[in-house]
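Notes to accompany the following structure.
The values are calculated or read from the model by the stated rules, or taken from the named source; none is laboratory data. None of these values were measured; they are calculated from a predicted model. No Cβ is skipped: glycine too gets one built from the backbone with ideal geometry, and neighbour counts run over all protein chains shown. Please note that ligands, DNA and RNA were not included when accessible areas were found on the heavy atoms of the full protein model with its side chains. Shrake-Rupley method; radii C 1.70, N 1.55, O 1.52, S 1.80 Å.
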Amino acid sequence: MRTIINKIGIFLIAALVLLSCNDDFLERFPLDQLSNETFWKTENDLAVYNNTIYDLTKEDRETAVLMGHDAFIRSIDGSYTYLDGFSDNFAPPAGQSRANRFKEVRAGIHIPEGVQLFGYRAWNLLRAINVGLDNMATSPVPQNTKDKYIGEARMFRAWFYYDKVSKFGDNQWVDHEVKTNEDDILFGTRDPREFVMDKVLEDINFAVAKLPISWGGTRNPGRLDRWDALALKSRICLFEATWRKYHGGTNANAWFQEAATASKQLMDTGPYSLYKTNNPLMDYNATHRVLKDLTGNSEVIHWVKYETGVRNNNIMKYFLFYTGGMTKDAIDDYLCTDGLPIALSPLDADVTKIEDVFIGRDPRLRQTVMHPADQSFYKYNQGTALIYPRLTGMPNPGGDPSTTGYHIIKMYNNLAHLGQNQAETPGIVFRLGEVYLNYAEAMAELGTITQVDLDLTINKLRSRVGMPAMGLNPPMDPKYAADGLSSLIIEIRRERRIELFAEGFRYDDLRRWKWGKKLEKKSYGMLWDAAAIARFPGANVQTEMIDGKPYIDVYKGTPYASPVFDENKHYLWPMPLGALGENPNLGQNPGWE
């Protein structure tokens with residue numbers, strides 16, 4: 001923290017000048033007169049300062065706040081689309097060091113000395129927020145005007161701490177600019193997670209109350225508004241409620257109610273609706289495959305814009321390879337078109353080739369994983385004429401291989417792929433589909449959910465793709481029968497996995513549900529029998545028998561072959577040794593000592 005304090009001396013002046021593009025502001029405050037005393041006097045000053053906070057969130061490897069896709073080559077791992085690599089949804093390539101962090105966490109072999117992408121970092125962001133809040137409190141700007149910007153900054157702080165608590169548990173709560181002589185903070189202990197999360201709730205409630213429903217101009221993208229605050233509150237409160245219920249904590253139901261109330265308020269009063277064109281075979285992935293601009297998309301609540309010459313990304317090129325592919329476990333969770341799990345449905349096809357897994361299944365599967373017949377439609381991998389799926393070792397280089405055979409096409413756009421480090425693929429921060437799922441889960445956990453609630457939420461998602469509606473008493477999937485939960489909770493969790501696949505939720509969901517042991521399952525791919533070997537010559541894969549059939553075993557013979565999840569330690573990440581070296585009083589998390 002001392003390093004951050006030393007740097008902040010130049011931050012305020014440099015950021016205000018260099019990151020502002022307002023000519024009137026520069027004319028009003030000549031460079032030789034700009035100071036803390038001459039600033040903070042007008043609404044424009046507050047807006048310009050908060051712009052610098054937005055700028056700090058652009059380092060997507062550093063923080064989950066407003067996460068989109070990091071710029072240029074940093075798109076190789078800095079994006080919400082990679083976060084499922086921590087979970088049982090993806091199988092990142094074993095031999096690629098750039099994907100090591102995801103594989104190590106997934107396998108339970110990460111260490112306190114390791115590099116923590118999205119971890120105990122970005123404390124300069126918190127300091128910038130608190131510097132702004134301290135000065136806004138004494139600004140002569142009218143209270144009702146400055147409350148908008150205070151609400152904006154407090155939303156950022158709520159987001160920052162929610163992410164830190166979700167990964168590290170107890171955290172130091174700091175709500176002001178820390179001075180160099182505040183040893184009680186610089187060398188202080190961490191505050192209990194429930195205390196910190198209660199402060200987070202205060203911050204996000206203030207943001208909901210004070211942020212405008214619109215800042216004027218086009219709705220997306222732009223400044224965070226009340227609808228964004230409600231979406232974030234929905235997400236935060238659901239996480240905290242389930243954590244407290246399944247890990248042991250107080251007032252879980254109060255947090256479920258907060259999540260449900262925020263979700264319902266957004267659903268009822270927000271200007272959003274589920275995107276659909278009545279094309280169940282394409283509507284699900286259409287939003288995610290947009291090349292550049294999501295303005296006007298009725299489902300997207302907030303998105304991050306990229307623009308050539310300003311901020312580009314290269315997510316489309318790197319995502320194909322570094323995510324590896326969907327796992328067999330995820331494939332198996334897609335229901336059949338009669339609404340039943342594959343273990344119960346007569347529509348489940350006997351799999352003899354990769355095309356068979358798509359037969360009679362939820363249409364979202366074929367809009368998430370590439371069916372070999374769809375290569376020409378998607379112009380996959382820049383439209384090359386190579387055979388797909390492609391596995392490691394196959395000849396004719398130029399096509400990115402999949403570790404599992406299940407290439408992910410949910411967000412694929414070949415035009416974005418063609419632009420090396422020049423792509424403008426937008427990042428979706430909040431969308432209505434997530435809010436629907438949050439509401440349904442919160443109401444189910446409260447035990448008050450009705451069929452009307454399901455019809456307002458999950459059944460809208462299902463209807464979009466032509467799937468049967470969910471009822472209050474769905475049949476129990478044998479795959480989850482031993483988990484000790486109602487079939488309704490199981491199906492709501494399944495719906496979340498399917499609908500939000502590759503959007504960065506699965507790992508956090510498994511942790512908050514206390515389902516970490518599911519990460520001990522091996523990562524398998526497609527059927528790899530004699531017919532597959534003949535069809536895809538040159539592939540170099542390992543296999544394991546499952547129910548008498550050989551399937552790709554992605555990590556066989558590697559350090560990631562047998563994942564471990566120690567429930568006494570792995571629900572939280574270790575405090576990095578560098579942070580403990582600066583302040584030993586922070587203490588290490590349980591099991592990581």
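Is the range 352-427 best put as rounded, prolate or oblate by its Cα gyration tensor, with a ≥ b ≥ c the root eigenvalues, rounded for a/c under 1.5, and otherwise prolate when a/b is larger than b/c, oblate when not? Each step should come with its number before you reach the end.
Numbers: a/c = 2.17, a/b = 1.27, b/c = 1.72.
Taking the square roots of the gyration eigenvalues as a ≥ b ≥ c, the range 352-427 is oblate.
Straight distance only, please: which aspartates and glutamates reach the Cα of Lys460 with their own Cα at less than 18 Å, same-chain residues fewer than 8 apart left out?
Partners found: Asp268, Asp283, Glu299, Asp338, Asp362, Glu434, Glu441, Glu491, Glu495, Glu499.
Determine the alpha carbon to alpha carbon distance for each of Lys328/Lys379; Lys276/Lys517; Lys479/Lys556; Lys146/Lys264 and list only those over 30 Å. Could you put the intermediate results ahead of the total?
Numbers: Lys328/Lys379 24 Å; Lys276/Lys517 37 Å; Lys479/Lys556 24 Å; Lys146/Lys264 28 Å.
Over 30 Å Cα-Cα: Lys276/Lys517.
Per residue of the range 486-501, in order, report the coupling 6.51 cos²θ - 1.76 cosθ + 1.60 (Karplus, θ = phi - 60°) as ³J(HN,Hα) in whole Hz, putting x for Gly and Pro.
Values per residue, Gly and Pro as x: 5, 5, 5, 4, 4, 5, 5, 5, 4, 4, 5, 4, 6, 5, 9, 3 Hz.
Which pairs break 23 Å Cα to Cα here: Lys103/Lys167; Lys245/Lys518; Lys233/Lys518; Lys41/Lys164? Intermediate values should be presented prior to the final figure.
Working: Lys103/Lys167 17 Å; Lys245/Lys518 19 Å; Lys233/Lys518 27 Å; Lys41/Lys164 33 Å.
Exceeds cut-off: Lys233/Lys518; Lys41/Lys164.
So, with a 1.4 angstrom probe, what is the percent of accessible area on the chain that is carbon and sulfur?
Numbers: 11770 of 22110 Å².
Whole-percent figure for carbon plus sulfur exposure: 53.
When you take every Cα atom in the range 145-236, what is the radius of gyration, and what is Dmax, the widest Cα pair distance, in Å?
Rg, Dmax (Cα atoms, Å): 14.7, 46.
For Val369, enumerate residues with amide H under 5 Å from its amide H, sequence gap 5+ or separate chain, H modeled in the peptide plane.
Those lying under 5 Å, H to H, from Val369 are Ile409.
Send over a whole-number figure in Å² for the accessible area per residue of the chain, probe 1.4 Å.
On the way: 22110 Å² over 593 residues.
Accessible area per residue, the chain: 37 Å².
How tilted is helix 432-446 with respect to the longest principal axis of the chain? Cα atoms for both, answer in degrees (0 to 90, nearest 10).
90
If packing is taken as the average number of other Cβ atoms within 10 Å across a peptide's residues, how do 339-352, 303-316 rank, most packed first? Could the numbers behind the result be given before it?
Values: 339-352: 15.8, 303-316: 18.6.
Most protected by this proxy first, the peptides run 303-316, 339-352.
Given H placed on each backbone N at 1.01 Å, which residues far from Ile546 in sequence or on other chains put an amide H within less than 5 Å of it?
Tyr551
So what are the ³J(HN,Hα) numbers for the range 189-197, from phi and the Karplus equation (6.51, -1.76, 1.60; θ = phi - 60°), rounded to whole Hz, Gly and Pro as x?
Using θ = phi - 60°, the values come out as 8, 7, 8, x, 4, 5, 4, 5, 5 Hz.
Please compute, for the alpha-carbon atoms of the range 294-444, the extent along each of the three principal axes and give them in descending order in Å.
Largest to smallest, the principal-axis extents are 54, 50, 22 Å.
Short version: what are the Cα gyration tensor semi-axes of the chain, square root of 5 times each eigenvalue, largest first, in whole Å? Kindly include the intermediate steps, with their values, before the conclusion.
On the way: eigenvalues 322, 134, 128 Å².
Gyration-tensor ellipsoid for the chain: 40, 26, 25 Å.
Efficiency by 1/(1 + (r/R0)^6): what FRET value for Lys518 and Leu418, r their Cβ-Cβ distance, R0 = 30 Å, to the nearest 0.05?
Details: r = 38 Å, r/R0 = 1.25.
Working from the Cβ atoms, E equals 0.20.
What list of ³J(HN,Hα) values in whole Hz, one per residue of the range 520-525 in order, does the Karplus curve 6.51 cos²θ - 1.76 cosθ + 1.60 (θ = phi - 60°) give from phi, with Gly and Pro shown as x?
Per-residue couplings from phi come out as 7, 5, 5, 8, 10, x Hz.
Are there trypsin sites (Lys or Arg not before Pro) in the range 507-580 that DSSP marks as loop and that have at most 13 other Cβ atoms within 10 Å, and which are they?
Those satisfying the criteria are Lys521.
How large is the dipole of the chain about the Cα centre if only Lys and Arg carry +1 and Asp and Glu carry -1, each at its Cβ, rounded to the nearest 20 debye? If you can, show how the numbers build up before the last one.
Details: 67 positive and 75 negative charges, 187 e Å.
Dipole size: approximately 900 debye.
Relative contact order for the chain: what percent, with Cα pairs under 8 Å and sequence separation of 6 or more? Write out the running numbers ahead of the final one.
On the way: 1032 pairs, mean separation 115.0, N = 593.
In percent, rounded to a whole number, it is 19.
Which of Gly95, Val174, Phe156 sits farthest toward the positive end of the charge dipole of the range 66-192, with +1 on the Cβ of Lys and Arg and -1 on the Cβ of Asp and Glu?
Most positive-ward Cα: Gly95.
Would you mind computing, in nm to one decimal, how far apart the modelled labels at Leu485 and Glu202 are, each placed 7 Å from Cα along Cα→Cβ?
3.3
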